[in-house]
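Enquirer: Below is the structure I would like to discuss, written out as structure tokens.
The values are calculated or read from the model by the stated rules, or taken from the named source; none is laboratory data. For clarity, every value in this text was computed on a predicted model and none was experimentally measured. When we count neighbours, we look across all protein chains shown, and the Cβ atoms used for this are built from the backbone with ideal geometry, even at glycine. Note: areas computed on protein heavy atoms with side chains; ligands, DNA, RNA excluded. Shrake-Rupley method; radii C 1.70, N 1.55, O 1.52, S 1.80 Å.
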Amino acid sequence: MTLLQSALFGFGALATAGGAFAAYVVWGPEDVSSSAPSPLNSQVRTGRMSQGVPGQASVDTGTASSSELANLTEARGARGLGENALDGAWGKFQTGDYEGAIVQLRAEFNLRPGDAPLQANLATALFALALVKVKAQQFAEAEKFLDESARLGNADAARTAASLKLKLGAVDLASGLFEELVDKAGQTTADTASLKVLVDVSLRSDDLDRADYFLDKLSPDDPFVAPRRTRLERKRAFAQVQDTVERGGVVEVAFADSIPRSLANAVAQAMEEAHGELAQGLLGTVPSSTRLKAFLYPQKDFRENTDAPPWAGGLFDGLVSIPVPRTRNATEETYLARGLARIARHETTHAYLYAFCGDVVPSWMGEGLAQKMEGRRASSASIELKKQGNAWAGNSGLLGTTPALDRPFTEASGRDVGRLYAQSFLLVNHYSRVHGGLPFWRGLLSRVCQGRESMTNVLSAELGEDGVASALWQRDGQAAMASP
Ligand SMILES: [Zn+2]
């Protein structure tokens, strides 16, 4: 999202925040609690396992049900074969040695491929290992184990695999997996969680018929449905009155017919230019399938058509949306065109960071890079911080109290967001100067987004302070404010 600049008709500084699908509730590792228990699954859910299982601390403390333990005993008892191997695997699993458990279970399973409890145990061990990898931000590894666990029938692994792909920006792939889950669930036990993901993904990619189709499968009494129906109707209504301009086969801008075409052209041109700069400078490559779609809404309709907070000057949530104030004459129109072009460059940066990296780029870096592309000056950011009192400047002891810099900006209060944006821009601007500009960020992003290294590890290696933004600001804030 974009910080709405006072340049746009003196509306005063408002702020926005947030990554693409950050606010969007999808199944994550922490949601994993299987409805289809397999012997080991209940162990995972009950948190009785070793600390190795990530994110399970908050789950219920019940014990594994007798039938599941019976399964395990039956699996061991009835066949007698490989008893030691199963016991060994169980022991390893209990101590959090999932790799060890998997080796033994896999060897046993190769001998008895039709053994359902064994298959379920292997799937659960793979799933538990995948959760460990997700926690460590080793997403490529996690995907591998999740995909195998899902192929072996673990429904939670299938759902987690789909939501991880969404987090990593593979929207089409994730949609396909969620749709498979919906089909598998069939009519009786509708997989409402996956249906809801599909509704939101369809709305955010402006696929209205698809959103309608999945909404119909949900109970109209579900509180999730009414606001989405309203959103869908508004988008359909907007489609009736919209016009579009296209550029370079990459950018499409839809705008309400009350908005001058010259403004839509200015936005499309800015997005096409940003596309070129990002492709060459920041990312070094552009996913071939990337299509940038933007919507220009009359200011009054902006909030009801988007999820944007009241102080938003632009939004990317899978699509770029920009509010356009009314203009009274050609001069104002020309002036506004420049302001909208800056917002368009900002949101295009978010679009590319999401297409290339999914949601693994922390807010401070995403907003810092987007403001850099927007053309923000260090002076305006420093003034913003000074306005909020020097407590935020460099080496003040008070700085320790700004963990908000490490959190998604969607969580920030309107009062804090202006400061968070200024700090983010100044940090990115400072590191660009010290480490050699866009190539530095390209190198960092390619290691994380393509090499699938953990963001924390790479930031820590490149910038130090364990990659923690508030600690980086504490160390470099003053130098960053002095950077031109
Ligand atoms: Zn932004």
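Enquirer: Within segment 159-199, restricting attention to residues that are surrounded by 23 or more Cβ atoms within 10 Å (Cβ to Cβ) and among the small types (Gly, Ala, Ser), which residue is nearest to the chain's Cα centre (by Cα)?
Expert: Applying the filter and picking the extreme gives SER163.
Enquirer: Take the residues in segment 301-336 that are among the basic types (Lys, Arg) and over 28 Å from the mean Cα position of the chain (by Cα), then tell me which one is nearest to the ligand (Cβ to nearest atom).
Expert: Once the filter is applied, the top-ranked residue is ARG326.
Enquirer: Looking at this structure, is LEU353 within 16 Å of the ligand (Cβ to nearest atom), buried (at least 24 other Cβ atoms within 10 Å of the Cβ) and in the same structural domain as GLY467 (by TED's automatic domain parsing)?
Expert: No; evaluated as a whole, the condition is false for this residue.
Enquirer: What about GLY339, is it within 16 Å of the ligand (Cβ to nearest atom), touching a helix residue (DSSP H, G or I) at 6+ places or on another chain (Cβ under 7 Å) and not assigned by TED's automatic domain parsing to the domain that holds GLN371?
Expert: no
Enquirer: Residues of segment 360-397 being modelled with pLDDT under 80 and either within 14 Å of the ligand (Cβ to nearest atom) or among the basic types (Lys, Arg) (or both), which ones?
Expert: Within segment 360-397, LYS386, LYS387 meet the criteria.
Enquirer: Going by what's in this entry, would GLN137 be described as assigned to a helix (DSSP H, G or I) and open to solvent by 30 Å² or more (accessible area, probe 1.4 Å)?
Expert: Taking the combined requirement at face value, the residue does not satisfy it.
Enquirer: State which residue is surrounded by the fewest Cβ atoms within 10 Å (Cβ to Cβ) when the search covers only segment 310-339 and only residues that are among the β-branched types (Val, Ile, Thr) and closer than 27 Å to PRO362 by Cβ.
Expert: Ranking the candidates gives VAL320 first.
The rows are residues; the columns are (1) surrounded by fewer than 24 Cβ atoms within 10 Å (Cβ to Cβ); (2) farther than 30 Å from SER446 by Cα; (3) modelled with pLDDT of 90 or more; (4) of a type outside the set (D, E, K, R).
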residue	(1), (2), (3), (4)
SER288	yes, no, no, yes
ARG291	yes, no, no, no
ALA294	no, no, yes, yes
ALA308	yes, no, no, yes
ALA341	yes, no, yes, yes
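Enquirer: Within segment 341-355, how many residues are over 11 Å from LEU369 (Cβ atoms) and in contact with a strand residue (DSSP E or B) (Cβ under 6 Å, 6 or more places away or on another chain)?
Expert: Residues that pass the stated criteria total 3.
Enquirer: Scan segment 85-110 and report the pairs whose first residue is assigned to a helix (DSSP H, G or I) and among the polar types (S, T, N, Q) and whose second residue is at pLDDT 90 or above and surrounded by fewer than 21 Cβ atoms within 10 Å (Cβ to Cβ), with Cβ atoms within less than 8 Å and a gap of 6+ or a chain change.
Expert: GLN104/LYS92
A quick yes/no check of all residues on (1) modelled with pLDDT of 50 or more; (2) among the hydrophobic types (A, V, I, L, M, F, W, C); (3) assigned by TED's automatic domain parsing to the domain that holds ALA150:
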| position | (1), (2), (3) |
| --- | --- |
| PRO54 | no, no, yes |
| GLU74 | no, no, yes |
| LEU81 | no, yes, yes |
| GLY96 | yes, no, yes |
| ASN110 | yes, no, yes |
| LEU118 | yes, yes, yes |
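Enquirer: What are the residues in segment 356-377 that are open to solvent by 10 Å² or more (accessible area, probe 1.4 Å), out of contact with any Lys or Arg (no Cβ under 6 Å at 6 or more places or on another chain) and hydrophobic (A, V, I, L, M, F, W, C), if any?
Expert: PHE356, VAL360, VAL361
Enquirer: Is there any pair with a first residue in segment 344-359 that is within 18 Å of PHE255 (Cα to Cα) and a second that is within 11 Å of the ligand (Cβ to nearest atom) and of a type in the set (Asp, Glu) whose Cβ atoms are under 6 Å apart and which are 6 or more apart or on different chains, and what are they?
Expert: Taking only residues 6 or more apart or on different chains, the pairs are ARG345/GLU374.
Enquirer: Then there's this: Starting from segment 361-374, take each residue that is among the hydrophobic types (A, V, I, L, M, F, W, C) and list its partners that are near the ligand (Cβ under 8 Å from one of its atoms), counting only C-beta distances under 6 angstrom and pairs at least six apart or across chains.
Expert: Once the first residue is among the hydrophobic types (A, V, I, L, M, F, W, C) and sits in segment 361-374, its partners that are near the ligand (Cβ under 8 Å from one of its atoms) give LEU369/THR349; ALA370/HIS346; ALA370/THR349; ALA370/HIS350; MET373/THR349.
Enquirer: Just to be sure I understand the filter: pairs with C-beta atoms under 9 Å, separated by 6 or more residues or on different chains, first member in segment 412-436 and free of Cβ contacts under 8 Å to residues at least 12 places away in the same chain, second member small (Gly, Ala, Ser) and within 16 Å of the ligand (Cβ to nearest atom). Which pairs pass?
Expert: The qualifying pairs are SER413/ALA404.
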